[in-house]
Amino acid sequence: MKLVPKVNTDGLYIEDTLVDDAFYGVVPFYADPPVLEPELPPETDSEAEDEQPEEETEPEIAGYIVGVPIQPGLYLPRFDLAAWEAREEDELSDPSDYWVEGLSAEEIEELTKPQESELDQLKQDVTGLKQDTADLASGLDQVARKADDRLEDVSTIGSEQVKQDLATLDLKRQSTVIGGELVKKDIAILDLYQQNQALGQMLAALELKILAGGESNV
């Protein structure tokens, strides 16, 4: 037994199948036969006479079994059925006369385009993750710096507020001291005023005494 290729009706390779070692040439294979209808009860003689005999349908060719080996180097082998039919009877030609490429140049170019290996893809994924991690760390660092700046601003504002509060308290103390000094001065002025009045009264009494002594001498 040996493996030979099976092709569809266009000659495109489908799969391999086992055949006898002596097999050579091209033979068709057929689609699966249709499912048979269930048998009906026997008909009477009159009904049988009226019915016409059913025409036999030829089985549908699904492809061909090819005993000509495939030439290496083909991406999608296609067997040239027309060239095989046009050959002379019993002619044993070179298999390369029948097996051709079934893909277009564009399809072959797309198929042979270098593909990234899984390792390369993993490396790219790791590089992307590293970049994402670095970006995240940079973002967190910026957030931390902003938080530090805000804390510093709050600390500065708090320090300035404390300074203002201390200055206000100092002004209040100074105002209290000045107020005390003003009260003292007011008291001293009042005392001087009272002393002035007492001196004025004493001077008035002396003047009265002087006047009274002058009148008695007369």
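The values are calculated or read from the model by the stated rules, or taken from the named source; none is laboratory data. Quantities reported herein were computed from a predicted structural model and do not represent experimental measurements. Reconstructed Cβ throughout: ideal geometry from the backbone, glycine too, with neighbour counts over all protein chains shown. Areas reflect the complete protein model, heavy atoms only, side chains present, ligands, DNA and RNA absent. Shrake-Rupley method; radii C 1.70, N 1.55, O 1.52, S 1.80 Å.
Would you mind finding the one in E15, E91, E55 that is modelled with pLDDT of 80 or more and either of a type outside the set (K, R) or on the phi > 0 side of the Ramachandran plot (or both)?
Matching residue, one of E15, E91, E55: E15.
If you check every pair at least six apart or on different chains, which have Cβ atoms under 7 Å apart with a residue in segment 65-81 that is among the polar types (S, T, N, Q) first and a residue that is at pLDDT 90 or above and open to solvent by less than 60 Å² (accessible area, probe 1.4 Å) second?
Q71/W99
If the Cβ limit is 7 Å and pairs must be 6+ apart or interchain, which residue in segment 97-108 that is free of Cβ contacts under 8 Å to residues at least 24 places away in the same chain pairs with which residue that is open to solvent by less than 50 Å² (accessible area, probe 1.4 Å)?
Pairs found: D97/A83.
Contact list please: Cβ distance under 6 Å, first residue in segment 1-27 and over 19 Å from L74 (Cα atoms), second residue assigned to a loop (DSSP other than H, G, I, E, B), pairs at least six apart or on different chains.
From segment 1-27, the pairs are K2/D21; L18/M1; F23/G67; Y24/G67; G25/G67.
All but one of (1) at pLDDT 75 or above; (2) farther than 30 Å from N8 by Cα; (3) not acidic (D, E) hold for A105, so report the exception by its number.
(2)
Residues of segment 117-151 being surrounded by fewer than 10 Cβ atoms within 10 Å (Cβ to Cβ) and acidic (D, E), which ones?
Within segment 117-151, E118 is the sole residue that qualifies.
Can you tell me which residue is least open to solvent (accessible area, probe 1.4 Å) among those in segment 6-16 that are more than 12 Å from F29 (Cα to Cα) and not β-branched (V, I, T)?
Restricting to residues being more than 12 Å from F29 (Cα to Cα) and not β-branched (V, I, T), the top hit is G11.
Hey, does segment 114-122 have a residue that's farther than 30 Å from D21 by Cα, modelled with pLDDT of 75 or more and assigned to a loop (DSSP other than H, G, I, E, B)?
yes
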